[in-house]
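Taking it in order: structure first as structure tokens, then the write-up.
The values are calculated or read from the model by the stated rules, or taken from the named source; none is laboratory data. Owing to the predicted nature of the structure, the values given are computational and were not obtained by experimental measurement. Note: ideal-geometry Cβ built from the backbone for every residue, glycine included; neighbour counts use all protein chains shown.
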Amino acid sequence: MAAEAGGGGRRAAFVTPFFADRDAVCNDTYHGARALAARGWETAVFAVGGTSERATVRPFDDLRKFVRGPEDVVCFHFSTGRRDIEEAVAAAPGRKILKFHNITPPEHFAMWSDDLAEASRTGRLEMPRVAAMGWEQVWADSSFNLAEIAPHLPPGTPAGVSAPFHETDELLAQPRPPAAAQAMPRLLTVGRVVQSKGHPFLLRVMRYLVHELGTPAVLDIVGKPDHRLLAYLRMLELMVREFGLERHVRFHGEITAATLAAHYAGATAFVCASEHEGFCVPLVEAMAFGVPVVALGTTAVPETVGGAGIVWDERDPRRFAVTLKRLAGNPAERDWLAAQGRARYAAAFSNAMIESKVVAAIAAGRPAPPGEAPGESSGG
């Protein structure tokens, strides 16, 4: 990437196994490179595979040619197991930074894809070896992620929490259609269509909400299906038919940024039933748009929400449905949650704040102090 004056000729390589536009890990990789490029560093993104319409992704074999001196930086984004990449990063000269995004446990894929389960298993087995590679500093997306990798770090390794860069500002800047009166409450969930996102739980919530509580809501499911998990998608479609929700659940697949922004702008509530999250960028997007968040309090979700939404520890679809019915009929509560979400976004997750923290960590040679502690969950 082009560099502005002030970097002193230093180089920074940002490494990820696979690059895909709009993927959360790749967004963090790309915007980290841009942040240093804006301060005069010569930066480049390296990956084994993938393509991009906005970033020049260099072949991984070029890493040793790019990183040349002891003041150059290699930032490795660890989210899946690839020993060839890990060994090449270890052999490269310069300062080494590890960014840990967590790895979904294999049991979340075991029923649906042997390939995904094996990749996950490999990544988690390699975590201790990667952690012990001798990093100048280690960053994690959340305290939850840090707690997973910290036991494997050599004593004294500087480690801290740094939320990932994201593209929420770009979504907020999208043109929005004029607000229209909603014929029925619109619920939104965003993320890959994989088992760990908890879609079956949300469909059970919808069954209670629509058929037992008499609230004719619509659930918009936005996210790219994985071709290795088509059986999972077929199961969800079958559940929709069995529950009589054909008019109440919509699968949108992968959509444009403008369409996603319109979904956020028109949502009554954002719902999250994930069983495993290392951070969950869609929660940040929802809070930035002022969409009330109702979520299950698993893994990193309570930390990301930080008290700015309704978080249930109990996996009870009836209680979840009752909460959504109450929200649908209570504009004052929705407005209060919207204000809490926007404030949370501004205080903890703006890209400007993340950028200043990342740049300071690289300049200081150690992570900036962790952000605020996870917020308290609030019952519904």
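Just a yes or no: is a residue in region 78-91 among the polar types (S, T, N, Q) and closer than 22 Å to R58 by Cβ? Within region 78-91 (the criterion being among the polar types (S, T, N, Q) and closer than 22 Å to R58 by Cβ), the answer is yes, since at least one residue qualifies.
Based on what the data block shows, is V74 touching a Gly at 6+ places or on another chain (Cβ under 8 Å) and under 17 Å from F60 (Cβ atoms)? So V74 fits the description; yes.
Summed over region 279-306, the residues that are assigned to a loop (DSSP other than H, G, I, E, B), β-branched (V, I, T) and under 12 Å from R342 (Cβ atoms) give a count of 1.
Would a scan of region 49-64 turn up a residue that is of a type outside the set (A, V, I, L, M, F, W, C) and touching a Lys or Arg at 6+ places or on another chain (Cβ under 7 Å)? No - not one qualifying residue is present in region 49-64. With respect to E118, determine if the residue is in contact with a helix residue (DSSP H, G or I) (Cβ under 8 Å, 6 or more places away or on another chain), modelled with pLDDT of 90 or more and assigned to a helix (DSSP H, G or I). In short, yes.
Conditions tested, residue by residue: (1) closer than 29 Å to E118 by Cβ; (2) touching a Phe, Trp or Tyr at 6+ places or on another chain (Cβ under 8 Å); (3) assigned to a loop (DSSP other than H, G, I, E, B).
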site	(1), (2), (3)
T29	yes, yes, no
R34	no, no, no
A55	yes, yes, yes
R58	yes, yes, no
D62	yes, yes, no
P70	no, no, yes
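Selection of strands (runs of 3 or more DSSP E) fully inside region 126-225 by the criterion of at least 3 residues being touching a residue at least 60 places away in the same chain (Cβ under 8 Å) and either surrounded by 15 or more Cβ atoms within 10 Å (Cβ to Cβ) or of a type in the set (D, E) (or both) returns 137-140, 159-161, 186-190. Going through (1) of a type outside the set (G, A, S); (2) touching a strand residue (DSSP E or B) at 6+ places or on another chain (Cβ under 9 Å); (3) within 27 Å of A346 (Cα to Cα) one by one, E136 falls short only on (3).
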